[in-house]
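A.B. asks: Sharing a structure, written as structure tokens. Questions coming.
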């Protein structure tokens, strides 16, 4: 078919644009092996670079702007692809049943969007999980699993699938995108350059776009948190002594939008925990609370005096790898916290030496979590 015979309805788009047209663009570029990053619906610098490469390879002006001529060429070339290139899985919606629904539920459960039974029945809980996934990935949140949603589930999240090595060591698979370096990847996932190079048998620091890397990780480095009303990535990161980027990377989030009931993996340290100083604190009282010593805290934080500031964050040495620190917010109770973290009221009270169920906003609690 001649390029001029394609009646393209997509608008002109460029860097900074967002929406379904960008998702279509990224999907077509991925099908044609020009785009290796996540399908996000956001026209970023990686998308622009892929567009320019596509334009250059197909005799178009390499402007990075997707005009009618570029759209026509994209449609022409993707239409010429073998049907096997495309995702042939069916459209799923409320009421669907069968093995594809089972696959969908399993994937959503792995990604912490779905908590129900994997029974092959597309019910309201599955639909709600799909809507949350679509919202977080800039897709139309209609609860219908069509090609774009299937593509996002497989293309966007498969690069971060949890794997297990021969000796039980866990790692994730990460796909290198433009701008990546071993340093930036190691920093993003809380590991080291040497650890990544060793696990992948790399002899140099040179990376290739589209290259897949094993990233060492451990389930003990993360705890599961359930989003409640009023939460944001910033408040959650602050509460757990981590960063927004660390949470987004660990959960492969492409936006800051959260849903009530959504479950997040929160990166935590195996050897230390982070504590925020509140009024009345002293090094002695903090050390006593966490079962450590003043000298140990001062050494770990490079402190030269015993003076503390309200809001100051301290690293607290701990050998309790099965505990994380939670900061009480308005509306919390021991029962709701225990339920959120899959533990019991008695376990929390015992670990924190509490003699009553009364809590204060801003109070720091150690939460027992399973290894």
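A.B. asks: Quick one: order 103, 45 by neighbouring beta-carbon count within 10 Å, fewest to most. Mind dumping the intermediate values first?
C.D. replies: On the way: 103 16, 45 12.
In order of increasing Cβ crowding within 10 Å: 45, 103.
A.B. asks: If you don't mind, there's one more thing I want to ask. Among 250, 94, 74, which comes first, then next, by fewest other beta-carbon atoms within 10 Å?
C.D. replies: Values: 250 21, 94 12, 74 25.
So the ranking, lowest neighbour count to highest, is 94, 250, 74.
A.B. asks: Highest mean first, how do 24-33, 118-127 rank when packing is the count of other Cβ atoms within 10 Å averaged over residues? List each step's numbers first, then the result.
C.D. replies: Numbers: 24-33: 20.3, 118-127: 16.9.
In decreasing order of mean packing, 24-33, 118-127 become 24-33, 118-127.
Each value in this text was obtained by applying a stated rule to the coordinates, not by laboratory testing. Predicted model, so just to flag it, every value in this text is computed and none were measured. All Cβ positions, even for glycine, are placed from backbone atoms using ideal geometry, and neighbour counts span all protein chains on display.
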